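The values are calculated or read from the model by the stated rules, or taken from the named source; none is laboratory data. On a predicted model such as this, the values are computed, not experimentally measured, just so you know. All Cβ positions, glycine included, derive from the backbone under ideal geometry; neighbour counts span all protein chains shown.
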Amino acid sequence: MTRMVNCARLNKELPGLEAAPFPGPRGQEIFETVSQQAWQEWQTLQTMLINEKHLNMMDKESRKYLNEQRDNYLAAKPVDHADGYVPLQS
């Protein structure tokens, strides 16, 4: 049976993640409060931010920025988007 969570991002009960996305207290908190759908949406946004803003994940400041954006996104707060970015139409 699918584990359900009250998703903090989407504000409704949805299927939860199968495992914490990373170790530690923040990973556990995300596991308990974020749905699969919201996490997949974050991963898409994360990829766009890394690519369009040319983030180097070896750089401590880039990782800090991305973590801040993740926390804002999952809390349904405003996040950055790349200037001029137009998503592909399917």
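Of all residues in the stretch 1-16, those that are in contact (Cβ under 8 Å) with a residue 24 or more places away in the chain and within 15 Å of L74 (Cα to Cα) have Cβ atoms under 9 Å from Cβ atoms of residues that are polar (S, T, N, Q) and part of a strand (DSSP E or B), 6 or more apart or on another chain, in V5/S35; N6/S35; C7/S35; A8/S35; R9/S35; L10/S35; L14/N6; L14/S35.
Quick check on my filter: what residues within the stretch 42-68 are at pLDDT 95 or above and of a type in the set (D, E)? Matches in the stretch 42-68: D59, E61, E68. Of all residues in the stretch 5-38, those that are assigned to a helix (DSSP H, G or I) and farther than 15 Å from D71 by Cα total 2.
Confirm whether Q28 is in contact with an Asp or Glu (Cβ under 9 Å, 6 or more places away or on another chain), over 16 Å from N72 (Cα atoms) and surrounded by fewer than 18 Cβ atoms within 10 Å (Cβ to Cβ). No, not satisfied. For the stretch 39-72, name all the residues that are assigned to a helix (DSSP H, G or I), basic (K, R) and surrounded by 11 or more Cβ atoms within 10 Å (Cβ to Cβ). Across the stretch 39-72, the qualifying residues are R63, R70. On inspection, G16 qualifies as in contact with a strand residue (DSSP E or B) (Cβ under 9 Å, 6 or more places away or on another chain), of a type outside the set (A, V, I, L, M, F, W, C) and either at pLDDT below 95 or surrounded by 10 or more Cβ atoms within 10 Å (Cβ to Cβ) (or both).
Every condition in (1) surrounded by 15 or more Cβ atoms within 10 Å (Cβ to Cβ); (2) modelled with pLDDT under 95 is met by H81 except one, and the failing one is (1).
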